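Here the structure comes first, spelled out in structure tokens, and everything after it is commentary.
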Amino acid sequence: MDKIQLYSLATPNGQKVSIALEEMELPYTAHLIDILKGEQFHDNFTAINLNAKIPAIVDPSGPGGGPISIMESGAILIYLAEKSGKLLSPDPRLKCETLQWLFFQAAGVGPMFGQFGHFYKFAKDNCDHPYPVTRYTKETKRLLAVLDKRVSDRSYVAGHEYSIADIATFPWVNGLSEFYKADEFLELKTFKNVNSWLERCLSRPAAIKGKMVCRPDYW
């Protein structure tokens, strides 16, 4: 292996890394791990990521020149940004801004949007109580409102330059529509600043290409 090896599926979490690799122009080979078929639990994948979650990468030219396996999408984004010197400012203040919003996604947007999608779309046959959908709808809208205010006076999440904070976040925002079909339910049109920011992110050539990496034929 002389390229970064990406193990992923084109979910919001998986799209983060393939989009970053395209943006940073780092050579890579993609391997589809179909979590709907349980492939994340196969021994050859858990040897790379013991937690059995996508995405994961193996860089054959890691620190010190040897190979390194990396799990967790946020950690992968930071690693790739530092390796490429792109999408994470070396300026301490801007770097701090970027990392804050990267962790805002990792700790808030990803888990809460994911739980919303689970109960809104996938768990209807197993849970007919309204509480989970009510709870996660409220939190999803709250986080969208925070993001809407954040991008009201700047082009991107960390400022006026695109960064790994945007790459971490916009696939999840887009997923509310693309994966969960919750546009009307969440009143997504009311978050006008978020919609403008999302359009800017989605229109980037690397985003268009990266979103399709590790996408199964049946999607």
Loop sites in region 119-219: trypsin sites (Lys or Arg not before Pro), DSSP, at most 16 other Cβ within 10 Å: LYS124, ARG154, LYS181
Relative exposure of ILE164, ILE70, ILE78, judged by other C-beta atoms within 10 Å (fewest first): ILE78, ILE70, ILE164
Linear extension gain, HIS160 paired with LYS181, 0.36 nm per residue minus alpha-carbon span: 4.6 nm
Efficiency of FRET between LYS149 and SER203 - r from beta-carbon atoms, R0 25 angstrom, step 0.05: 0.65
Between region 185-200 and region 146-171, the alpha-carbon center distance in angstrom: 12 Å
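Every number here is computed from the coordinates shown, using simple stated rules; none is lab data. Everything numeric here is computed off the predicted structure, so don't read it as measured data. A quick note on method: Cβ atoms are made from the backbone with ideal geometry, for glycine too, and the neighbour counts reach across all protein chains shown.
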